[in-house]
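Structure, as structure tokens:
Coordinate-derived values only; no laboratory data. Source: prediction; values computed, not measured. Every residue, glycine as well, gets a Cβ built from its backbone with ideal geometry; the counts of neighbours run over all protein chains shown.
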Amino acid sequence: MRGVGSSGGSGSGRREQLIGALIPPVVRRSAPPVPLVAPMLPAFGLPTAVAGSLLLDVSRLDASGRFCARGLLQTLGWGPGHRVDLAVVGDAVVIGGSVTGRQAVGCRGELAVPAAARSLSGLAGDARVVLVAAVDQDVLVVHPHATVLRLLAGHYAQQACEDPR
């Protein structure tokens, strides 16, 4: 049995017939297509503010990577539904307000740190975190508590060396 449109074997003389409904129309373009401009993703970085303009809080990540920080979020002006995006910078997660943000503040004032960002920054599930808000720069930085403990231990060691007693 021969299929539709087959040449009928060698020397049969039958020609292939094209089915019009399956042939795409020829599109002629008079001008090159206009490229679409994608919105720029925000480039978040660590705050450059002076220490007096930073606000601190402590929280704990739940098993899903969410934390609650109503006070800092209210100070930043981030109410429920406010769109945010994030970036991992070293061992910190920097969260900033963004119109095109992939995440939003929850109705109870919670934010989620995605699993990939937790993994890159060394945040384990149920981890304690230190939150730093830089209101002038519209960012919230999530630090593992071990980072702050390490900084304080270094500060205390330096103070002990400088103590003239």
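Listed values, structure above:
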{"quantity": "Neighbour net charge for Gly81 - beta-carbon separation under 13 angstrom, K R +1, D E -1", "calculated": "+1"}
{"quantity": "Long-range amide H partners of Ala104 with built H, under 5 Å", "calculated": "Val84"}
{"quantity": "Sites Glu162 and Val135, calculated FRET efficiency, Cβ-Cβ separation with R0 35 Å, nearest 0.05", "calculated": "0.60"}
{"quantity": "Full-extension gain in nm, Asp91 to Gln17, via 0.36 nm per residue minus C-alpha separation", "calculated": "20.1 nm"}
{"quantity": "Compactness relative to 2.2 N^0.38 Å, alpha carbon Rg of segment 83-165", "calculated": "1.35"}
{"quantity": "15 Å beta-carbon shell around Asp91, net charge (K/R +1, D/E -1)", "calculated": "+3"}
